[in-house]
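The values are calculated or read from the model by the stated rules, or taken from the named source; none is laboratory data. All values derive from a computational prediction rather than experimental measurement. Note that we place each Cβ from the backbone using ideal geometry, even for glycine, and neighbour counts take in every protein chain shown.
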Amino acid sequence: MKKPLLLSKAAITKMQAIIIAVIIIIAAIAGVAYYFYSKPPVEKTEIVIGVVHSKTGVMQPQMIYHVYQMWLVNKTNAKGGLYVPEYGKRLPIRVIEYDDESNLERMLTLTKKLIIEDKVDLIFAPISTAFCFAAFSLYEQYHYPVIALTFGSDIAAEKMRTGEYKYCFSVLGMPSETGKEVADLLVHVNSTKTRISKIGILFHADQHGVEYAGAIYSNLAMKGFSIPVYQSYQPYTTDFTPMINSLKDANVDVAILCGYQEGSTFIKQCKTLNFNPKLIFTGPTIEVPFLVYGPFGFTKQDLIGVCYYDGWPATAYNTPTLQQWRQEHVQHFGYEPFPASAVFYAAIECLFQAVERVGLDREKIRNALATQEFDTIVGKTRLRPGYSMQCELAGTITQWQGGDIMEVVWPLSAKSADIVLRPGY
């Protein structure tokens with residue numbers, strides 16, 4: 001029979017020492033964890049927001065779309081700053097601003113600088129679809145929730161919906177959404193006002209032009225419209241004569257130009273060449289009162305019947321709150337707002353309200369933007385990943401009708417005026 005194993009006093013003492021040591025280590029770890037997880041956040045004196053946009057170069061005119069960021073920053077700072085719940089107080093906002101000189105690679109380099117060197121709390125998106133698309137991968141890599149104002153791409157929108165671009169949000173209608181709105185509006189015009197049979201589409205040979213023209217073409221074709229002219233043009237095109245002659249020869253009822261400020265040249269050359277379609281649709285910059293009645297040199301009569309396919313959600317500023325905001329806009333900037341002015345302002349309101357609800361934790365900000373509803377200048381507002389921003393007080397397609405600002409003509413439930421045809425019809 002085996003004798004039971006007996007531990008010596010020395011062995012027992014050694015085991016006790018090991019147990020005591022383990023207990024001390026566990027207690028120390030728990031103490032350190034408690035210290036780090038229970039202590040208040042490191043004191044901050046300001047919120048730092050970074051932005052890289054095109055203050056010089058060929059894209060500089062589009063800076064007019066980014067004025068609402070600083071306007072709201074200044075208005076917020078005038079109230080003491082943005083309330084941050086983890087600190088229980090308002091913090092002033094400081095903006096670090098860099099000029100990408102309209103160069104995409106420079107924009108990416110400076111965006112990395114904002115994140116890695118400046119360690120900004122938040123970021124405002126750059127200007128244009130191409131620049132935003134290029135920057136999205138950086139926002140994803142470093143987990144910065146960003147609302148892109150001047151952006152529209154179905155390719156990127158799909159990535160937003162699948163979660164590949166989970167930190168990126170858009171405001172304007174995506175190409176597929178816009179294509180449907182344009183097609184539905186023209187079906188309405190065809191059935192209630194005048195026959196619309198043939199439509200010509202010209203488009204700037206860049207991502208915006210290609211995607212929006214393609215989506216509009218597809219939706220029009222599905223509705224049974226004929227598109228005899230579908231032609232791209234190169235950047236900096238100044239002579240549209242051959243393309244306008246093609247539109248005239250095809251006898252199109254509607255001309256659509258998916259581009260930018262060159263749309264002003266197109267409209268003027270249509271008049272010079274005696275080409276007067278029933279409707280003209282153009283893209284960004286032709287909706288801005290300051291530009292069309294200023295540098296572009298149009299009269300109000302010149303633009304009657306010109307529609308704007310992009311830049312929605314859009315408003316005609318015909319509610320008491322928006323009328324007051326329009327007056328403040330004119331007083332502050334010296335010119336009238338464009339259809340999406342209040343919507344761009346509202347998008348920044350969403351970002352700031354998210355911070356006031358959840359603090360400066362960027363994961364929480366991202367989740368708030370993706371799931372919550374916000375009260376903004378355009379009413380109840382939601383950011384929908386991969387789609388246009390949903391606004392209570394906004395429509396989609398707008399049109400110049402001889403006034404100081406554009407009218408909302410679509411959808412009918414949101415219209416401020418019925419659509420009109422170009423003079424002569």
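Just checking, does the stretch 112-122 include any residue being under 25 Å from residue 218 (Cα atoms), without any contact (Cβ under 8 Å) to a residue 40 or more places away in the chain and in contact with a helix residue (DSSP H, G or I) (Cβ under 9 Å, 6 or more places away or on another chain)?
From the stretch 112-122, those under 25 Å from residue 218 (Cα atoms) are none; that's our starting set.
No, the stretch 112-122 contains no residue that is under 25 Å from residue 218 (Cα atoms), without any contact (Cβ under 8 Å) to a residue 40 or more places away in the chain and in contact with a helix residue (DSSP H, G or I) (Cβ under 9 Å, 6 or more places away or on another chain).
On the stretch given as the stretch 109-134, residues that are assigned to a helix (DSSP H, G or I) and either at pLDDT below 95 or closer than 25 Å to residue 46 by Cα (or both) total 11. Per the listing 156, 148, 130, the residue uniquely closer than 21 Å to residue 63 by Cβ, in the same structural domain as residue 70 (by TED's automatic domain parsing) and surrounded by 20 or more Cβ atoms within 10 Å (Cβ to Cβ) is 148. Here residue 209 does not qualify as buried (at least 23 other Cβ atoms within 10 Å of the Cβ) and either of a type outside the set (Ser, Thr, Tyr) or on the phi > 0 side of the Ramachandran plot (or both). Filter the stretch 266-290 down to the residues that are of a type in the set (A, V, I, L, M, F, W, C) and either over 25 Å from residue 129 (Cβ atoms) or surrounded by fewer than 20 Cβ atoms within 10 Å (Cβ to Cβ) (or both) and list them by number. Within the stretch 266-290, 270, 273, 275, 290 qualify. For the stretch 351-399, a residue qualifies if it is assigned to a loop (DSSP other than H, G, I, E, B), closer than 17 Å to residue 312 by Cβ and out of contact with any Leu (no Cβ under 9 Å at 6 or more places or on another chain), and the qualifying residues are 384, 386, 387, 392, 394. Within the stretch 161-175, the residues that satisfy the criterion of being surrounded by 20 or more Cβ atoms within 10 Å (Cβ to Cβ) and either part of a helix (DSSP H, G or I) or touching a Cys at 6+ places or on another chain (Cβ under 9 Å) (or both) are 168, 169, 170, 175. Inside the stretch 316-350, residues that are buried (at least 21 other Cβ atoms within 10 Å of the Cβ) and assigned to a loop (DSSP other than H, G, I, E, B) make up a count of 6. Restricting attention to the stretch 64-88, the residues being closer than 18 Å to residue 365 by Cβ and either touching a strand residue (DSSP E or B) at 6+ places or on another chain (Cβ under 9 Å) or of a type in the set (A, V, I, L, M, F, W, C) (or both) number 8.
Restricting attention to the stretch 206-219, and to residues there that are outside any loop (DSSP other than H, G, I, E, B) and modelled with pLDDT under 95, which single residue is nearest to residue 273 (Cα to Cα)? Result: 208.
Residue 125 falls short of the stated requirement of being buried (at least 17 other Cβ atoms within 10 Å of the Cβ) and out of contact with any strand residue (DSSP E or B) (no Cβ under 7 Å at 6 or more places or on another chain). When you scan the stretch 216-226, do you find a residue that is of a type outside the set (Asp, Glu) and closer than 23 Å to residue 339 by Cα, even just one? Within the stretch 216-226, one or more residues are of a type outside the set (Asp, Glu) and closer than 23 Å to residue 339 by Cα. Annotation: residue 319 fulfils all but one of (1) farther than 23 Å from residue 213 by Cα; (2) of a type in the set (Ser, Thr, Tyr); (3) touching a helix residue (DSSP H, G or I) at 6+ places or on another chain (Cβ under 7 Å); the unmet one is (3). Is it the case, given these coordinates, that residue 203 is assigned to a strand (DSSP E or B), in contact (Cβ under 8 Å) with a residue 12 or more places away in the chain and surrounded by fewer than 24 Cβ atoms within 10 Å (Cβ to Cβ)? So residue 203 passes the test. Residues that are of a type outside the set (A, V, I, L, M, F, W, C), closer than 14 Å to residue 171 by Cα and crowded, with 19+ Cβ neighbours inside 10 Å do not occur anywhere in the stretch 357-370. When residue 246 is tested against the conditions (1) buried (at least 20 other Cβ atoms within 10 Å of the Cβ); (2) among the hydroxyl-bearing types (Ser, Thr, Tyr); (3) at pLDDT 95 or above, the lone failure is (1).
Kindly state which helices (runs of 4 or more DSSP H) lie completely within the stretch 220-304 and contain at least 2 residues that are within 22 Å of residue 62 (Cα to Cα) and not assigned by TED's automatic domain parsing to the domain that holds residue 333. Quick ask: steps written out before the conclusion?
Details: elements: 241-250, 262-272, 289-292.
Those helices (runs of 4 or more DSSP H) span 262-272, 289-292.
Of all the listed residues (401, 327), the sole one being free of Cβ contacts under 8 Å to residues at least 12 places away in the same chain and under 30 Å from residue 262 (Cα atoms) is 327.
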